[in-house]
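What follows is one structure encoded as structure tokens, with my remarks underneath.
Every read-out reported here was derived from the displayed coordinates using simple, explicitly stated rules and does not represent laboratory data. This one's a predicted model, so the numbers in the text were calculated from it and none came from an experiment. Every residue, glycine among them, receives a Cβ derived from its backbone with ideal geometry; neighbour counts consider all protein chains shown.
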Amino acid sequence: MSEEKAAQSGPGRGYLEEKGWRSWAYTLDHKRIGVMYLFTTLFFFLLGGVFGMLIRLELLTPGPTFFSDQTYNEMFTMHGSMMIFLFIIPGIPSGLGNFLIPLMIGARDVAFPRLNLASYWLFIMGIIVILFSLAHPMDTGWTFYTPYSAKTAASVTVLSFGIFLVGMSSILTGLNFIVTIHQLRATGMSWLRMPLFIWSMYATSIIQVVATPVIGMTFILLAMERLFGIGLFDPDKGGDPLLFQHFFWFYSHPVVYVMILPAMGAISEIIPTFSRKPIFGYKAIAYSSIAIALAGFLVWGHHMFVAGMSVYADVIFSILTFSVAIPTGVKVFNWIATLYKGSISLDSPMLYALTFIFLFIVGGLTGPFLGSLATDVHLTDTYFVVAHFHYTMMGGTVMGLFAGLHYWFPKLTGRMLDERPAKTAWAIIVVGFNITFFTMFITGMQGMPRRFAEYPEKYQAGNVISSIGAAILAFGILVMFYNYVRCMFRGAPAPADPWRGKTLEWTVPSPPPTENFETIPTVTGWPYSYGGKGDGDA
Amino acid sequence: MKDYQIYVSVWAALLVLTLVTWQVSYIDLGLANAAVALVIASFKASLVALFFMHLRQESRLVWGFAVFPLVILSLIIFGTLSDTLFR
Amino acid sequence: MPDEGGKVETAHADAGLAYESSKLGIWIFLGTEVLLFGGLFLAYAVFRIKYPELFHRDHLELNRTLGTVNTVVLICSSLSVAAGITAIRNGKADVLKKSLVVTLLLGATFLAIKYFEWSEDFAHGIYPGTDVFFSLYFMMAGVHGFHVLCGLLVMAWLLVQAGRGRFSAEYSTPVELTGIYWHFVDLVWIYLYPMFYLIG
């Protein structure tokens, strides 16, 4: 390489060296596949965000102003389904997970690289099929409840097929990760020396593998209902519409832990690095990931308290729901204990990580209100629920993703992010987010129902505040993405370990070379050896 | 050769059990019909898993991944029945 | 957990590790299959308890003899697959090819019998959607039949590969994985058979 060229390309290009679309489309490199997932999912994050903004625009006024009711229904369905199926479920696991798992456990790639590429292209095929369904846009909400979804003129059948493909991709990725984590850890990396991100990805993969097939069958049955009228969900034919909800939530509740667990994993890496302290309660955090994954399978019924389920089931599911709070609380307390007396530096990843903890506590603590039968009757289908899951999903998962993106950006691209715009964006996002969604707790408790284009005038003040907050939030996100794009090309070259982290991915150059490690490292201790009290193998 | 002998005996057992469950279905035992049929089916399924699928010789890890989905399956069935049975 | 991790350097370096990984992979995949069918088993349980008379009346409409014959056919195909795997483990590629042909024929027989059964059902005015029992029957038998079909396609591919001499005593992973999958498909049928033909 000529000197001039070397100066142009800045740092060593590592796995990014090879150019041309073929080198990406046919790549078996887990890092490139991870990056492709990140680009795809972030694109749908922005697109879903546009629909979110359009919802907020319409809700500025009580009556229909900009869109018809039908268009509004289609838009909140787009917002929900894109954010859930195309962004938040595959985002961290398939994006950051693919990139990081082999690097963190000291492997050259995942266990089945071809299967990994196949997962990605299945995902893309699923997206293409879903785009076809836009011919008659969906208006069912992202939950596709029968009997409406069996009757609407929207292309539910096409969409079912698309989501089935996306689900298959998710299953194969989870399968690949489980085998990778079991079989390909470097010498000396026992289970209790794995980074906590790996633990959380393992728990996530378990959920993906066992829960996703159920939603696959749900969508097959929904499509068959529309094609042949099989009537399993149709009371006229002896079917049971609630059965659909059982099917749906048996997947869709565990899957919220597919969304949040990887974010918790990222936070567990970032907190000790920027506190310069060993993680507090390693085992507790590790096992609580598994506990959350398992408890997540026991609580799906809490989405159906007012749907007409038996009282007996209501009570069981309500009690079980509270069990999820225990491992979640364990994690939060351990993060806070890690911060205690640490020498904390507030770089942008840490700012997002701390925001995660704060917003997730708010989101988490509003959960029990919905899990309690009595309060749930009042709060169901109000904006309180919308606020609750935006605090956990956006305030939790998305902040975790942002934290992770800021933290691993140097490793992904070989360049540093500009700290100043990153922090500015962070401040705007935090302000905008809280204005938008905290207000919704209040309008929700006042009784503002979700999923309606129109509402009584008394809720207008709250809705206007939320919409203003949403505009601020959107602006902050644009600043953040501008910073990403600019620094991808113009950022200062990144050293191998800019944050002085201890996990294995920081031992290789940024960006990492194609096969990750020149020689596979031998691991002799845990990855949080920052010295001081509590250091050493868990 | 030993493998073949095992396979043939398992195969024969499966055929016999199929014959039994088929014939029993013509006798009216009330509720016991369902129980007998499912017990025989489970027994046959175990034979297939243990011998044909070599679960017998697999590691604990594989056993774990073979049994875990069944636990989850029973969860979804009992969880849903806790609603539909008492509605 | 006493696992010390780190079995080898790379994914590709050690054939033994690749084999172990693939086997773990196929078992996890079967786990997902259990839950894919699991949704239907759940629906069956719910409606069977809700409508015992309907299930009893309807199941008499199905052809019990053909159902039994199909069970026997699948059990035999499982035997031939198992025999083929043992053969290739001992390096006998020609026995593997024969057993694959036998399996393909038996699998095709299964599907042919299903085809006749379904034609007969249609002729009697029984369709998916006739009532809950028949919806479940067509869905479960249909999803199962689709798995049989996929299995047959993979077997055909294995036969071509075996013809090119790709499998030996040292390398037979695809054959083994397909075998495990095929036995699983058989196992599902072992449950479907009594659920629909015998106890309804």
Per residue of A:107-120, how many C-beta atoms from partner chains lie within 10 Å of its own C-beta, taken as a mean? 2
If you count, for every residue in C:43-49, the Cβ atoms of partner chains within 10 Å of its Cβ, what is the mean? 6
Using amide H atoms built in the peptide plane, which far-off residues or other-chain residues are under 5 Å from A:Arg185 H to H? C:Gly6, C:Lys7
What whole-number distance in Å separates the alpha-carbon centres of segment A:428-459 and segment A:11-49? 37 Å
Relative contact order (%) - chain A, alpha-carbon pairs under 8 angstrom, separation at least six: 19 percent
Top of B:Ser25, B:Ser74, B:Ser46 by mean-square fluctuation, Gaussian network on chain B, Cα under 10 Å: B:Ser74
Note down the relative contact order for chain B as a percent, whole number, built from C-alpha pairs under 8 angstrom at least six residues apart. 27 percent
Enumerate the aspartates and glutamates that B:Lys44 could reach by cross-link, defined here as Cα to Cα under 15 Å, with residues fewer than 8 away along the same chain left out. C:Asp186
Cα centroid separation - segment A:121-157 against segment A:62-104, whole Å: 14 Å
In order through segment B:7-23: 3J(HN,Hα) via Karplus (6.51 cos²θ - 1.76 cosθ + 1.60), integer Hz, x for Gly, Pro: 4, 5, 5, 4, 4, 4, 4, 4, 5, 4, 5, 4, 4, 4, 5, 5, 5
So which chymotrypsin sites (Phe, Trp or Tyr not before Pro) in segment B:2-84 pass both tests, a DSSP loop state and at most 13 other Cβ atoms within 10 Å of the Cβ? B:Tyr26
Whole-Å distance linking the alpha carbon centroid of segment A:466-538 with that of segment B:36-58 is 49 Å
In terms of modelled amide H atoms, which long-range or inter-chain residues lie less than 5 Å from the amide H of A:Arg415? A:Ala494
Can you count the Lys pairs in chain C whose Cα atoms are under 29 Å apart, with each pair 8 or more apart or on different chains? 7
If neighbour count is taken as other Cβ atoms inside 10 Å, put A:Val256, B:Val39 in order from fewest to most. B:Val39, A:Val256
Taking r as the C-beta separation of A:Ser68 and A:Phe228 and R0 as 22 Å, the FRET efficiency to the nearest 0.05 is 0.10
With θ set to phi - 60° and the Karplus curve 6.51 cos²θ - 1.76 cosθ + 1.60, what are the ³J(HN,Hα) couplings of segment A:351-366 in order, to the nearest whole Hz, using x for Gly and Pro? 4, 5, 5, 5, 4, 3, 4, 4, 5, 5, 5, 4, x, x, 6, 7
For the protein assembly as shown, what is the calculated [θ] at 222 nm in deg cm²/dmol (nearest 500), taking -39500 (n - 2.57) for each run of four or more DSSP H residues and dividing by its residue count? -23000 deg cm²/dmol
Across peptide B:27-34, what mean number of C-beta atoms from other chains lies inside 10 Å of a residue's C-beta? 2
For segment B:32-48, take each phi angle, set θ = phi - 60°, evaluate the Karplus expression 6.51 cos²θ - 1.76 cosθ + 1.60, and give the result in whole Hz per residue in order, putting x for glycine and proline. 4, 3, 4, 4, 4, 4, 6, 5, 4, 4, 5, 5, 4, 4, 5, 4, 4
Sequence-distant residues sharing a close amide H with A:Thr382 (under 5 Å, placed H): A:Arg450
Only Cα pairs under 8 Å and at least 6 apart count here; give the relative contact order of segment A:431-538 as a rounded whole percent. 22 percent
Could you line up C:His59, C:His124, A:His388 from fewest to most neighbouring Cβ atoms inside 10 Å? C:His124, C:His59, A:His388
On a straight-distance basis, which lysines could pair with A:Lys19 in a cross-link, Cα separation under 24 angstrom, same-chain partners fewer than 8 positions away excluded? A:Lys5, A:Lys31, A:Lys411
In what sequence do A:Ile316, A:Ile279 fall when counting other Cβ within 10 Å, fewest first? A:Ile316, A:Ile279
For A:Lys283, give me every one of the aspartates and glutamates with a C-alpha distance below 17 angstrom, ignoring sequence neighbours fewer than eight places off in its own chain. A:Glu269, A:Asp535, A:Asp537, C:Asp3, C:Glu4
